[in-house]
Amino acid sequence: MSKLDGGYRRWTGRPTGIWQRRWVITSVGLKLCLESKLLRGVIGIVWSSTLFFMGVLFFTGQLTSPDSTLISFVGERLGDSFLQLANGLASWVLLYPELCVDGVFRVIYYVACQIYLLGSFMAIALFVAKLIAHDLASQAIVIYNSKALSRFDYFIGKFGIVFLLLGAIWLVPILSLWTFGNMMSPDWTFFVYSFKALLKALSVAAVSMVSLSLAAMAVSALARRTSVAVSLWVLIWILSGLVGMTAKVVYSAGGYISLMACLKDFIWASFRLDLVWENATNMLPFFNLILKDVPRDFPEELSLGPAGVVVPLACLVLYGAVSCLILKLRTKSQ
Amino acid sequence: MVKIIETDKLCKTYGAYRALDAVSLSLDAGPIGLLGPNGAGKSTLIKCLLQLEKKDSGNVNLLGEDLDVAGRETRKRVGYAPERDCHIPGMAGCEYVTYCAQLSGLPFEAARQRTHEMLDFVGMGQERYRKVDTYSTGMKQRVKIAQALVHDPEVVFLDEPTNGLDPKGQALILDLIERIWKEAGVSVVFSSHLLHDVDRICEQVVIISQGRVLVQDSIASLKKKRRPEAEIVLLRGREEATRAFEAQGWTFDDLANGNLKVTHGHDSLGPLIGVLKEVGVTPLEIKASPNALNELFVQALREGGANVEA
């Protein structure tokens with residue numbers, strides 16, 4: 001930089017690339033969003049639930065280890081039926097390690113994904129206003145438009161904010177569960193046998209994060225005031241849920257009017273707990289004895305094989321396309 | 001000299017309303033005033049030059065680059081301070097300017113350093129560490145100018161920067177705009193509906209009314225130009241004076257206020273004063289006709305529907 005009279009200096013450095021400028025939008029936006037204690041709290045609750053699931057995985061791992069001190073300790077207190085269950089599991093693992101480990105992980109991931117889904121909806125309600133609505137309300141959108149950035153660059157930057165925040169809710173716990181859950185298992189082969197369940201969980205996370213990110217951005221772009229954005233998100237969440245429940249009575253696919261219902265069914269169709277159940281009971285009649293009183297109200301329409309994934313996925317793609325259209329139209333007029 | 005802005009028959013309409021009507025301009029580097037009443041098309045012209053609004057037709061060259069070809073990359077060389085507030089709530093002044101610098105392509109360290117230099121340049125003190133939401137109108141204007149300058153542009157567009165400021169605040173902002181060209185060598189395109197502001201700091205002026213360019217010239221040249229007319233306030237010697245004017249072949253009219261309007265045909269008032277002196281008439285006052293800058297501005301205001309008399 002060369003100094004001119006009067007204190008004004010010329011800047012002669014090399015400008016950063018477009019991805020770095022997009023990252024600036026993301027990083028600054030993330031910082032603004034994470035100023036909210038409530039949002040940090042939601043992420044904390046999600047992570048705490050993940051810690052709990054890690055504990056469950058550790059305990060399940062110990063169940064499959066016949067000489068586990070922990071199992072002996074618990075068995076002394078809970079009696080023979082517990083030890084019977086532990087022995088049953090151990091033999092199941094020995095006979096069908098791939099099905100047992102995969103099954104346990106699918107159940108854990110299914111339950112965890114329900115929590116992450118709810119956490120995502122709550123988190124979005126807390127930061128949706130700080131995305132595009134924030135810029136529209138304060139006219140800051142003009143500043144972005146006046147820099148060497150296109151509308152696409154702006155969207156990529158904003159998308160990064162939602163994607164990373166949702167990543168903290170989905171990706172970090174899913175990967176941590178797999179890594180630490182298996183690290184505490186008695187056998188390293190658990191890593192291999194649970195890999196399929198991890199891939200399923202990652203695909204669920206990717207679909208949920210992309211569809212929720214687009215929906216959050218579209219809702220944010222619809223509002224010109226930050227408070228309206230929050231209300232709109234909560235309203236859409238609750239109303240579409242209610243309408244979906246009503247519509248489902250008439251036509252089973254009517255439930256897909258709700259984004260949450262779509263994602264819930266996609267999660268179910270990905271993990272297929274009905275098949276896990278079936279496998280477990282077929283292979284070990286012992287399960288029939290101990291789980292005979294557990295209700296099995298699996299959705300019928302979702303036991304249709306690949307079609308179970310296709311329908312909610314198609315609806316999510318449709319919602320994504322509508323969200324993109326809203327974003328395009330709403331920011332064009334600014 | 002390099003032309004910083006060249007437009008050829010630039011048109012922009014909003015529905016049936018013609019905001020820019022075949023605007024053709026050719027402007028040199030320096031402080032440029034965009035003058036016209038509210039709704040004349042100044043902001044639309046700036047927005048079209050910055051591609052914030054899509055033009056309907058016509059060609060635009062900014063800093064020697066055809067906007068249709070160069071696209072948004074030209075904005076790396078351009079700064080813009082919009083008329084309305086555009087800060088990001090929750091950010092301190094220095095954070096906001098740093099962020100704008102980074103959006104313009106400065107690496108973080110350089111952005112931080114340059115932010116402080118620019119905030120010093122626009123006269124912001126410790127208040128730079130306060131949230132922008134708490135700033136006065138004057139401070140917000142200064143921060144807007146700082147963000148427009150932070151990436152060291154070649155030309156900066158300031159849309160009505162003195163709006164909403166008290167006279168002292170206006171004077172401070174005008175001083176600052178003057179320094180941008182004089183000290184930094186950055187061309188300034190400054191839009192205003194106040195003749196005084198443009199007259200004070202600009203070298204070139206574009207007067208716009210109802211989307212049309214009434215004139216594009218240097219301020220000095222427009223100030224020199226005036227119709228060869230004068231209004232004379234006489235208490236005595238009216239007949240002697242009119243006879244002398246007839247002898248010179250000059251035409252004259254009686255005005256409703258009782259004064260005499262003479263078309264003398266000279267650039268200065270010297271010959272008129274000489275003739276009156278010869279016939280021994282001492283006028284109470286001789287008012288030269290307004291210069292072209294004033295006249296065209298008044299014309300723009302009239303076309304814009306403003307009450308000029310008021």
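Read-outs throughout are calculated quantities, based only on the coordinates presented, and are distinct from any laboratory measurement. Just so we're clear, the structure is a prediction, and the values are computed from it rather than from any experiment. Neighbour counts run over all protein chains shown; Cβ positions are idealised from the backbone, glycine included.
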Report, by chain and number, residues whose modeled amide H sits under 5 Å from the one on residue B:188, excluding near sequence neighbours (fewer than 5 apart, same chain).
B:30, B:32, B:156
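Find the Rg to Rh ratio for the range A:48-195, where Rh is the Kirkwood radius over alpha-carbon pairs and Rg uses the same atoms.
Expressed as Rg/Rh, it is 1.23.
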Which whole number gives the average count of other chain Cβ atoms within 10 Å of the Cβ atoms across peptide B:118-126?
1
Let me see the P(r) profile for the range A:12-80: every Cα-Cα distance counted, bins of 5 Å, each bin given as a percent of all pairs.
4, 12, 11, 11, 9, 8, 9, 8, 7, 7, 6, 4, 2, 1, 1, 0
Karplus-derived HN-Hα couplings along the range B:232-247 (A = 6.51, B = -1.76, C = 1.60, θ = phi - 60°), whole Hz, x at Gly and Pro
10, 9, 10, 9, 9, x, 4, 5, 4, 5, 5, 5, 4, 5, 4, 4
For peptide A:9-20, how many partner chain Cβ atoms fall within 10 Å of a residue's Cβ, on average?
5
When the helices in the protein assembly as shown are scored as -39500 (n - 2.57) per DSSP H run of 4 or longer and the sum is shared across all residues, what 222 nm value do you end up with, to the nearest 500 deg cm²/dmol?
-18500 deg cm²/dmol
Based only on other Cβ atoms within 10 Å, what is the fewest-to-most ordering of A:38, A:316?
A:38, A:316
Could you work out the equivalent-ellipsoid semi-axes for the range B:209-280, taking the square root of 5 times each eigenvalue of the Cα gyration tensor, largest first, in whole Å?
30, 15, 10
So if I take the centroid of the Cα atoms in the range A:227-287 and the same for the range B:235-253, what is the distance between those two points in Å?
98
To make sure I understand the rule: partners must be aspartates and glutamates, Cα under 13 Å from the Cα of residue B:131, and not fewer than 8 residues away in the same chain. Which ones qualify?
B:95
Ordered by number, the chymotrypsin sites (Phe, Trp or Tyr not before Pro) in the range A:159-225 that occupy a DSSP loop and have at most 12 other Cβ atoms within 10 Å are A:188
Please work out the C-alpha center-to-center distance from the range A:76-125 to the range B:194-220 and express it in whole Å.
77
Could you check the spin-label model distance between residue A:195 and residue A:243? Points 7 Å from the Cα along Cα→Cβ, value in nm.
4.4
Violations at 23 Å Cα threshold for listed pairs A:328/B:144; A:328/B:12; A:130/B:55; A:130/B:144 -> A:328/B:144; A:130/B:55
Roughly speaking, what is the centre-to-centre gap between the range A:16-56 and the range B:1-40 when only Cα atoms are used, to the nearest Å?
46
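Counting other C-beta atoms within 10 Å, which of B:100, B:11 has the fewest, and how do the rest follow? Let's see the in-between values first.
On the way: B:100 31, B:11 16.
Fewest-to-most ranking of B:100, B:11: B:11, B:100.
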Averaging the inverse of every distinct alpha carbon separation and then flipping it gives the Kirkwood radius. What is it for chain B, in angstrom units?
21.8
As an exercise, find the ratio Rg/Rh for chain A from alpha-carbon atoms, using the Kirkwood inverse-distance average for Rh.
1.08
If R0 is 35 Å, what FRET efficiency do you get for residue B:200 and residue B:17 from their C-beta distance, rounded to 0.05?
0.65
By what distance, in whole Å, do the Cα atoms of the range A:121-220 stretch along each of the three principal axes, largest value first?
58, 28, 18
With a/c under 1.5 counting as rounded, go ahead and sort the range B:48-198 into rounded, prolate or oblate using the C-alpha gyration tensor (a ≥ b ≥ c being the square roots of the eigenvalues; past the cut-off, prolate if a/b is larger than b/c, else oblate).
oblate
For the range A:1-130, taking Cα atoms only, what is the radius of gyration to one decimal and the Dmax to the nearest whole Å?
26.3, 90
Along the range A:230-247, Karplus-curve 3J(HN,Hα) (6.51, -1.76, 1.60; θ = phi - 60°) to the nearest Hz, with x for Gly and Pro, reads 5, 4, 4, 4, 5, 4, 4, 4, 6, 4, 5, x, 5, 4, x, 5, 5, 5
What list do you get for B:48, A:324 if you sort them by fewest beta carbons within 10 Å?
A:324, B:48
So what's the range B:17-59 giving for Rg/Rh, alpha carbon basis, Kirkwood Rh from the mean inverse pair distance?
0.94
I need the peptides B:124-133, B:250-259 ranked by packing, meaning the mean over residues of other C-beta atoms within 10 angstrom, with the highest value on top.
B:124-133, B:250-259
Can you work out ³J(HN,Hα) from phi for every residue in the range A:200-206, in order, using Karplus 6.51 cos²θ - 1.76 cosθ + 1.60 and θ = phi - 60°, giving whole Hz and x for Gly and Pro?
4, 5, 5, 5, 4, 4, 4
Report the equivalent ellipsoid semi-axes for the protein assembly as shown in whole Å, largest first, defined as the square roots of five times the eigenvalues of the gyration tensor built from alpha carbon atoms.
76, 24, 18
